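The structure appears right after this line, and notes come after that.
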Amino acid sequence: MSRRPVLLVIAHGSRDPRHAATVHALVERVRAARPGLRVETGFLDFNAPAVPQVLERLAGEGVQDVVALPLLLTRAFHAKADIPAALREASARLPRLRVHQAEVLGPSPLLLTALERRLYEAGLSPGDKSSTGVVLASAGSTDPEAIAVIAEIARELRYTGWCAVRPAFASAVSAGGYPRTEDAVRDLRAAAGVRRIAVAPYVIAPGFLPDRIARGAREGGAEVLGEVLGASPELARLLLVRYDEARVPVRLAAVSA
């Protein structure tokens, strides 16, 4: 049996079947990028297998080390509460299984590259940057840390050359004073130098809130709508970056135990 820690990708889950299909496609891309690394998928809700079931199966197989990687773009409630609680409960029941929680995916330059990839795939080109305003549309959050990260991502995207960038939230319960997607699109209409508007969904997989973002883009009159980040090569690479960052303390803990 390989002594390399197993990578457990933890997704939120959704009633929308497109969500799980996208997660599995991303995980397959990670497996293809690093042959020999065992990659498992667990869900917090709605989809199977659930995270505790995966950990129990791994422990039963004699696996000793797991890197649990939240498939999340910001450190909000799920990364700070739900996932740590699930991992603590599993560790208490499975004392021979060492589980280390990796960092969430964002922020990262790879995510900026993935966002731009989706906009180019939707019909834009690098030459369009100077005349295109971008609405960075995320699901939304009430967590101040997550809100600050979204604002920083918008600033960094602006620095890559787009004419203007506005953050927007899809969720009605979000804080931070950010507008809905459709309102951000309308706001950009008045910005100097903006000749077209593109909406870049800062979400991983399809579902209710991404559909709301798409609806807002249409209602606001955006000319371009990017796809969700999905199984992009940048996202697959980022999962491996977070795995590599997290597996060092796991390996050291195993040596000293």
What number in nm² do you get for the range 137-214 if you take the convex hull of its Cα atoms and divide its surface by four?
5.1
Here the residues of the range 1-20 lying in the modelled label zone of residue 208, meaning backbone nitrogen under 18 Å from a point 7 Å along Cα-to-Cβ, are 11-20
Could you give the Stokes-Einstein D for the chain in µm² per second, using the C-alpha Kirkwood radius, 10 °C, 1.306 mPa s?
84
Which distance in nm do the two modelled labels at residue 57 and residue 25 give, with both placed 7 Å along the Cα-to-Cβ direction?
2.2
Of all alpha-carbon pairs in the range 42-95, indicate the percentage at a distance above 17 angstrom.
35
Amide H within-cut-off set for residue 202, under 5 Å, with H built and near neighbours excluded
137, 138
Pairwise FRET efficiency - residue 241 versus residue 151, Cβ, R0 = 30 Å, nearest 0.05
0.85
Accessible area in square angstrom per residue, the chain, 1.4 angstrom probe:
45
Using a 1.4 Å probe, how large is the accessible area of residue 91, given in Å² and rounded to the nearest 10?
40
So how far apart, in nm, are the two label points at residue 215 and residue 190 if each is 7 Å from Cα heading toward Cβ?
2.6
Determine ³J(HN,Hα), in whole Hz, for all residues of the range 134-150 in sequence, where each value follows from phi through the Karplus function 6.51 cos²θ - 1.76 cosθ + 1.60 and θ = phi - 60°; x replaces Gly and Pro.
10, 9, 8, 9, 9, 5, x, 7, 9, 7, x, 5, 5, 4, 5, 5, 4
Cα-derived Rg to Rh of the range 1-125, Kirkwood definition
1.00
Of the accessible area of the range 68-124, computed with a 1.4 Å probe and all protein chains kept, carbon and sulfur make up a percent value of 55
Rounded FRET efficiency, nearest 0.05, which uses the C-beta distance separating residue 32 from residue 77 and R0 of 35 Å
0.65
Less than 14 Å Cβ to Cβ from residue 217, Lys/Arg counted +1 and Asp/Glu -1: what total charge do the surrounding residues give?
+2
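Please go through the range 66-112 and write out the trypsin sites (Lys or Arg not before Pro) that DSSP classes as loop and that have at most 16 other C-beta atoms within 10 Å.
In loop regions of the range 66-112 (DSSP not H, G, I, E or B), the sparsely surrounded trypsin sites (Lys or Arg not before Pro) are 96.
Can you tell me which of 198-206, 179-187 comes out highest on packing, and rank the rest after it, using the mean Cβ neighbours within 10 Å? Intermediate results must be reported in sequence, preceding the final value.
Working: 198-206: 25.4, 179-187: 21.4.
Ranked from most to least packed, the peptides come out as 198-206, 179-187.
The values are calculated or read from the model by the stated rules, or taken from the named source; none is laboratory data. In this text, all values refer to a predicted model and were calculated from it rather than measured experimentally. Cβ atoms come from the backbone with ideal geometry, glycine included; neighbour counts cover every protein chain shown. All accessible areas refer to the heavy atoms of the entire protein, side chains included, with ligands and DNA or RNA removed. Shrake-Rupley method; radii C 1.70, N 1.55, O 1.52, S 1.80 Å.
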